[in-house]
Structures are given as C-alpha cells and as structure tokens.
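First the structure, in the form of structure tokens, and then the observations on it.
Read-outs throughout are calculated quantities, based only on the coordinates presented, and are distinct from any laboratory measurement. All values reported here derive from a predicted model rather than from experimental measurement. Ideal geometry is used to build each Cβ from the backbone, glycine not excepted, and the neighbour counts take in all protein chains shown.
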Amino acid sequence: MYERHCQSCHGPNGRGDGPAAASLKVPPANFQRFQSFLKSDEELLRTIEHGVVFSPMHAWRGRLTDGEMQDVVAYIRVLSQRGQ
C-alpha cells in the first residue's frame, strides 16, 4: 500500500523526498523525524483518512479500506522507528 500510494511523495524511506515531493508547495511529512515518532496511531490514521487542509495530502477514505489504512499506519511506524 505504501509503495503504491505514498512513496511518490514521502519517499521509499519515508523522509518526504519522493520524486513528486519537489513539485509540491507543501512538503510531505518526513516520517523519520521525531515529530512523526510522537504521533499516535490515531493521529496518523486520521491524517490518512481525512487528509490535511491546504496541503497536497488528500483524504484516502473511500479509496483505501480500513485494513489498508491500518497497514499504512503500521508501515509508517516502521519508518519512524528507523529514524530513532
């Protein structure tokens, strides 16, 4: 899921340096920063579900199943732990 839907902006290692990131006015989240590590699973899931206002991070509710969104949260956790 991450590779298909998130990697182009957030990058393969979750640093916000994917190939599409350079063209975005608001940079994608870097999941290896301590701020991402501190976010709860619920906060990450809410962002995935509803997106972020005034940013290119759009809502995935209706595009991904609940299970797929949970899988993305779990993978973001792996990426955020790599940065610690």
- Subset of region 49-84 [among the aliphatic types (A, V, I, L, M), assigned to a helix (DSSP H, G or I) and surrounded by 12 or more Cβ atoms within 10 Å (Cβ to Cβ)]: Met69, Val72, Val73, Ala74, Ile76, Leu79
- How about region 5-20: which of its residues are in contact with a Lys or Arg (Cβ under 9 Å, 6 or more places away or on another chain) and among the small types (Gly, Ala, Ser)? Gly14, Gly16
- Message: Return the pair list, or none, for Cβ contacts closer than 6 Å from residues in region 55-84 that are within 12 Å of His5 (Cα to Cα) and in contact (Cβ under 8 Å) with a residue 24 or more places away in the chain to residues that are β-branched (Val, Ile, Thr) and surrounded by 16 or more Cβ atoms within 10 Å (Cβ to Cβ), at least 6 apart or on different chains.
- Response: Trp60/Ile48; Met69/Ile48; Val72/Ile48
- Query: Which residue pairs have Cβ atoms under 6 Å apart, sit 6 or more places apart or on different chains, and have a first residue in region 21-48 that is loosely packed, with under 14 Cβ neighbours inside 10 Å and a second that is of a type in the set (A, V, I, L, M)?
  - Reply: Asp41/Val73
